[in-house]
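A short write-up of the structure that comes next.
Values quoted throughout were computed directly from the atomic coordinates according to the rules given, and no laboratory measurement underlies them. What you see is a predicted model; the values in this text were computed from it and never measured. Cβ placement follows ideal geometry from the backbone for every residue including glycine, while neighbour counts extend to all protein chains displayed.
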Ligand code: SF4
């Protein structure tokens, strides 16, 4: 596990590593850049590079060892629903999450189709927050997929937000995160696109989390929206 600088979580836990690009949001993938760096530093877990998806059985015990309840981003360096992650392994990851109700596990995927195909195979405990990325209009279908699953808490990550999402439908969605892309090749995010999503959240009483503006100077751009920070999250139900 690793402490995370991602604003909406505390720790990352990566039972799988590696991925392949699937949509526009993947263009400047952070996990790919980090994998390259970690491989160059000689970190064994990342030695096979980014494009090879690998399951790490030796990470499955880790959540049992955390002494206090944590909020955990599962697979910041991969996508749990990638076609190369065997169903049996995904089931093992779910078992760990089911057996650790004191922690909140945030699982985020761009493979909403496979999630929907497999969702009946898993036990959806309240501590599993299932999210999908929606970066542009082409990826709005992922919301429909997510909505049809049995996940008890469902969220959207609109990051990197690449265009106005229009009249986004948020029925049965419990949380929305919005953020702009950062890094040397960051694409622009316009204020109106963010405000549109925020308005939809307000209308539907959905917690709204504004992560960052991003850009080439992420720290300077900050995370104020109309002079305020928005760090809303779903209520955590402790067992
Ligand atoms: S799905 Fe996520 S981890 Fe995989 S390439 Fe796209 S952005 Fe990177």
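Things to note:
- Taking the inverse of the mean reciprocal distance over all distinct Cα pairs, the Kirkwood hydrodynamic radius of the chain comes to 18.2 Å.
- Size descriptors for the stretch 179-239, from the alpha-carbon set: Rg then Dmax equal 13.3, 43 Å.
- Panel order for 77, 34, by other beta carbons found within 10 Å of each beta carbon, from fewest to most: 34, 77.
- Result for the chain in a Gaussian network model with C-alpha springs under 10 Å: among 32, 203, 163, the largest mean-square fluctuation is at 203.
- Evaluating kT/(6 pi eta Rh) at 37 °C and 0.692 mPa s, with the Kirkwood radius of the stretch 50-141 over Cα pairs in the Stokes-Einstein relation, gives 234 µm² s⁻¹.
- Fewest-first sequence of 87, 60 by Cβ atoms within 10 Å of each Cβ: 87, 60
- Based on Cα contacts under 8 Å between residues 6+ apart, the chain shows a relative contact order of 14 percent.
- Anisotropy class of the stretch 115-224 from Cα gyration tensor, a/c 1.5 cut: prolate
- Every helix of 4 or more DSSP H residues in the chain counts as -39500 (n - 2.57), and over all residues that averages to -6500 deg cm²/dmol at 222 nm.
- Summary value for the stretch 162-239: 33 percent relative contact order, contacts being C-alpha pairs under 8 angstrom separated by 6+ residues.
- Entry note, the stretch 43-143: relative contact order of 27 percent, from Cα contacts under 8 Å with a spacing of 6+ residues.
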